[in-house]
Amino acid sequence: MADRRRGKLKLLHISDLHLGISFLGEPLLEYQRAFCDFLAETAVKRKVRAVLVSGDVFDRAVSSAEAIALYDDWITKLCLKHGIAVCMIAGNHDGAERLASCSALLRHAGFYVAGRLQSPLVPICLEEEGEAVEIYLLPYFQPEEARAVLENSEIRTMEQAMAELFAGIQKEGSIRRILLAHCFAAGGETSDSDRAALVGGASRVGAEVFSAFDYVALGHLHRPQNIGQNMRYAGSPLKYSFSEENQQKSMTLLDTRTMEREEIPVPPFYGCKTIRGAREEVWREEPDAQNFIRIEVTDEPMTSILHETLKEKFPHLLVALGRRPETMRHGHTVEEMHQLTPESLLDAFLMETAGQPPSAAEREWFKKALDAVQQADMQ
């Protein structure tokens, strides 16, 4: 096993790999394999003590054999070949029990994984040359799960549950306290690929709940972003929707002595590009073999013949849209649609079709249906 003495105690934060995901039907496993190799190379080069993985390791609870093989190879190389610890939590897309199986045994290899919510939260203590850090693992959970684990029937929101979980953790002394969490922190910005990010106030968690921690390594949202002073979404390492085409994907390197953070850019193993304009303008674009393509023709409808013609020139064409028919031109633009929440989509639909907003009962029906779809998406 490699020597674990590495000088400064550095942690590398990533999240939302979604191993096995496809980009609108295009398989991404080869690109995900390239990222895992890049991650391992970077961790070794930068003398990282541990890699923090903040959930949604897999895209489905029951993953493909190929995705599981990639996961097994990646973790084995980090822990056994390079002697780098891995701290991991389950996200809402992961099969919690499968991810955390044999967790007690795996700790001896430097692999620490939490699948289901437990109380109290017992930290992992990593030490190096007199430096120590406590790492708390908080996997994704629902309020009803917290009610059972904490034996508190009054819990209704994730914020209430977290406040009770963290009540005994005090920010005192010189030791650094790091939390891994997979949740929707208030103020976070979503992307189109955040398809299971829950809506409604009960799922959002305010930043003040995390005040006991020096750094909160967040997962769940795919856009890399800071929340307050001590919280960060690492974001997905690859682009999983066209709404992310202009995002610079990165990993976050944390030096626990100084608490300085460095964003390490992830190479664009593939790209995605939107081409927008009149048909003749679109046709003048050069063929692009490096990017997944989305085309929006602004001066005529998208017919099957036009689609086939564009597909011949742009073999990686995944989305082709045309001008909406005259009867629908009072609706929303593509850009506006990207900004709409599920509730505002419901409002817009009923205003357009029925001429009035949804009633309270209709909103409740919609919420139940949306919850059912999101729960099915996690399976």
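Annotations for the structure displayed:
- Net charge contributed by nearby residues that have their C-beta within less than 12 Å of residue 291 (K/R +1, D/E -1): -2
- Rounded to whole Hz, the Karplus (6.51, -1.76, 1.60) HN-Hα couplings of region 104-112, x for glycine and proline: 5, 5, 5, 4, 5, 9, x, 10, 10
- In order through region 238-245: 3J(HN,Hα) via Karplus (6.51 cos²θ - 1.76 cosθ + 1.60), integer Hz, x for Gly, Pro: 10, 8, 10, 7, 5, 5, 9, 4
- Kyte-Doolittle at least 0.0, axis length at least 18 Å by Cα - qualifying DSSP helices, the chain: 29-45
- Nitroxide proxy distance, nm - points 7 Å out along Cα→Cβ at residue 157 and residue 347: 2.0
- Carbon + sulfur, % of accessible area of the chain - ligands and nucleic acids excluded, 1.4 Å: 51
- Probe 1.4 Å, protein heavy atoms only - accessible area per residue of region 1-115 in square angstrom: 41
- Accessible area (Å², 1.4 Å probe, nearest 10) - residue 313: 40
- Beyond 25 Å in Cα-Cα separation lie the following of the pairs 77/249; 47/249; 10/77; 249/311: 249/311.
- Amide proton proximity set for residue 18, modelled H, under 5 Å, gap of 5+: 57, 58
- Among [x] 33, 28, 23; [y] 44, 28, 16; [z] 39, 27, 17, the entry that matches semi-axes √(5λ) of the Cα gyration tensor in Å as calculated here: [z]
- Amide H contacts of residue 219: 181, 182, 183, each under 5 Å away and 5 or more positions distant or on a separate chain (H built 1.01 Å from N in the peptide plane; Pro and chain starts excluded).
- Helix-derived mean residue ellipticity, 222 nm - over the chain, DSSP H n ≥ 4, -39500 (n - 2.57), to 500: -8000 deg cm²/dmol
- Considered as an equivalent ellipsoid built on the Cα gyration tensor, region 134-269 has semi-axes of 26, 21, 10 Å, the largest given first.
- Residues whose placed amide H lies under 5 Å from that of residue 317, excluding near-sequence neighbours: 293
- Rounded FRET efficiency, nearest 0.05, which uses the C-beta distance separating residue 246 from residue 174 and R0 of 51 Å: 0.80
- The residues of region 121-253 have, on average, 38 Å² of accessible surface per residue, using a 1.4 Å probe with all protein chains present.
- Exposure check, 1.4 Å probe, all protein chains in place: residue 298 carries approximately 70 Å² of accessible surface.
- HN-Hα J in Hz across region 121-135 - Karplus 6.51, -1.76, 1.60, θ = phi - 60°, x for Gly and Pro: 6, 9, x, 8, 9, 10, 10, 6, 6, x, 8, 9, 9, 9, 10
The values are calculated or read from the model by the stated rules, or taken from the named source; none is laboratory data. This structure is a prediction, so every number in the text was calculated from the model and none was measured. With ideal geometry, Cβ positions are generated from the backbone for all residues, glycine too; neighbour counts draw on all protein chains shown. Side chains included, ligands, DNA and RNA excluded: accessible areas come from the protein's heavy atoms. Shrake-Rupley method; radii C 1.70, N 1.55, O 1.52, S 1.80 Å.
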